[in-house]
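Only one structure is covered here, and it is reproduced in the block below.
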Amino acid sequence: MAAEQTEREDKYDVSLDFVVPALGDLVPDQGREDIDTIRLDSVYFDTADRDLLRHHLTLRRRSGDDDLGWQLKVPAGDARTEVRLPPTSDESVPDELANAVSGVALGKPLLRVASLSTVRRRHRVVDSDGNSLAELADDSVRATATAHNGGAIASQWREVEVELGDHGQERLLRDIGGRLVRSGAHTSSYASKLARALALEPHRADDDSENPARRALTDYLGTQIDEIVAGDVWLRRGLDPIHATRVAIRRFRSTLRVFKDLVDPDARSRIEDELVWYAGLLGEVRDRQVQRHRLGELVTGLPAELVMGPVAARIEQDLLGEQQRCLTVVMSALDDARYRNLLVTLAQWRTAPPLTIERGAGPKVIAKAVKRAGRKARKRLTAAVADSDATELHRARKAAKRARYAAELATPLLGGKAEKKVSEFKHVQKVLGEHQDSVLAADNLRALGARAGVTEGENGFTFGLLYALELENARQARADAAHLMK
């Protein structure tokens, strides 16, 4: 059984004669800096078309002095989740990991694509109890990789990685990073050692500085693609990434809509249709999850004398059964040609996003779209509160989400103003979300109560009571929404 851990690290390119700056003054009282040198040998696996690397996934078999075994690294926002398996006697990728990446690999065989030998000088900062705060890895790397034409690519370089320890704080990571940059290091141009070994085109920071609007869009969309692809891996491992994947799809689609003038319309339309399809499948599962939890808590909060019959069991049995059937549909879709085509399209958006932003476009083009999304959200909210219509309130909620996500995207460019908008529309979204959940819960309770009323040994009374409570919750949410306008 594989073990999982999340790692947060920053990578830096350095010259071969780079001198690592002293870290002693960053060590806490009674703590220490441990320094040693180890050797690590890694063999990397991918498809012939580098499908894993295209999505920033890396799969390797490591041997040497430390950190041995099979490791699959999956992006997770600013961090990465690492799936680990013990060493094996040969280089056959373990089934557990091969199955996990089968979607991203598009069903293609996994091949040996590179071997790296690293001499690592480790600087580990620990506290007085020996807990890890941060580790600086000064790596001298020699690599041999397989080119697309079958030839060999040999290279060597030096780089520095700084990884946050289990008990470390982000500030320490920033302090060490700042010290490295002042000593001549540069934020790495490569997503991984494998990307560098394969001599892939590095990310060009100069282009981003000349087009900050494009950088904001590509970074935000790339983060959502990471989350969607990670969801594929976790689903195949039997985990539950449904909510995180849906939110990432929602953010991606919202970006396409709010910033539509900055995206090629044909490409936008094609991916939008496929994301709507996949999000719909995931939504059927997520709706049951939310309702199971919500209705279960409602029953638990009732006095015992008002719970007549196996109410909790009926809710769990019916909604869990529906949830599992919907999940079966999702798992079946993962091996469907339509879904694989979606993964291919997402990979294309990662490597060459079809944006139409003019070179030199600054923050103003982003700010304009954010402002427009905010106006639309407030207009929708005003109309919905006036009508007190459930459908209009739901539309207002979706508009608030779009305004929130647009402000999230703009935060690196607009700073505090955008952060304020994120908070504003997050609150609107929460209030209107409570109304929507109450409406859905009332519908479910009506159906559950009807079934209980004609089933021997059950009683519809409690379901009717819960139905009335949810109607009141919806009324209160509408009142709260009205206060948002004051």
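The values are calculated or read from the model by the stated rules, or taken from the named source; none is laboratory data. If you're wondering where the values come from, they're calculated on a predicted model, not measured in any experiment. Using ideal geometry, Cβ is built from the backbone for each residue, glycine included, and neighbour counts are taken over all protein chains shown.
Couple of notes before you dig in:
- Residue under evaluation VAL431, criteria (1) crowded, with 17+ Cβ neighbours inside 10 Å; (2) under 16 Å from GLN291 (Cβ atoms), criterion not met: (2)
- Counting the residues of the stretch 318-353 that are surrounded by 15 or more Cβ atoms within 10 Å (Cβ to Cβ) and either of a type outside the set (Phe, Trp, Tyr) or modelled with pLDDT under 95 (or both) gives 17.
- Looking only at the stretch 138-153, residues that are under 16 Å from VAL43 (Cβ atoms) and either out of contact with any helix residue (DSSP H, G or I) (no Cβ under 9 Å at 6 or more places or on another chain) or crowded, with 17+ Cβ neighbours inside 10 Å (or both) come to 6 in all.
- Selected residue [among the β-branched types (Val, Ile, Thr), in contact with a strand residue (DSSP E or B) (Cβ under 9 Å, 6 or more places away or on another chain), outside any loop (DSSP other than H, G, I, E, B) and modelled with pLDDT of 95 or more] from VAL20, VAL83: VAL83
- Count - residues of the stretch 450-467 that are touching a residue at least 12 places away in the same chain (Cβ under 8 Å), in a loop (DSSP other than H, G, I, E, B) and small (Gly, Ala, Ser): 1
- The stretch 25-47: number of residues that are outside any strand (DSSP E or B) and touching a His at 6+ places or on another chain (Cβ under 8 Å): 0
- Top-ranked residue in the stretch 82-122 [being among the polar types (S, T, N, Q) and surrounded by fewer than 17 Cβ atoms within 10 Å (Cβ to Cβ); ranked as farthest from ALA143 (Cα to Cα)]: ASN99
- Residue match in the stretch 193-208 (condition: out of contact with any His (no Cβ under 8 Å at 6 or more places or on another chain) and farther than 30 Å from VAL141 by Cα): no
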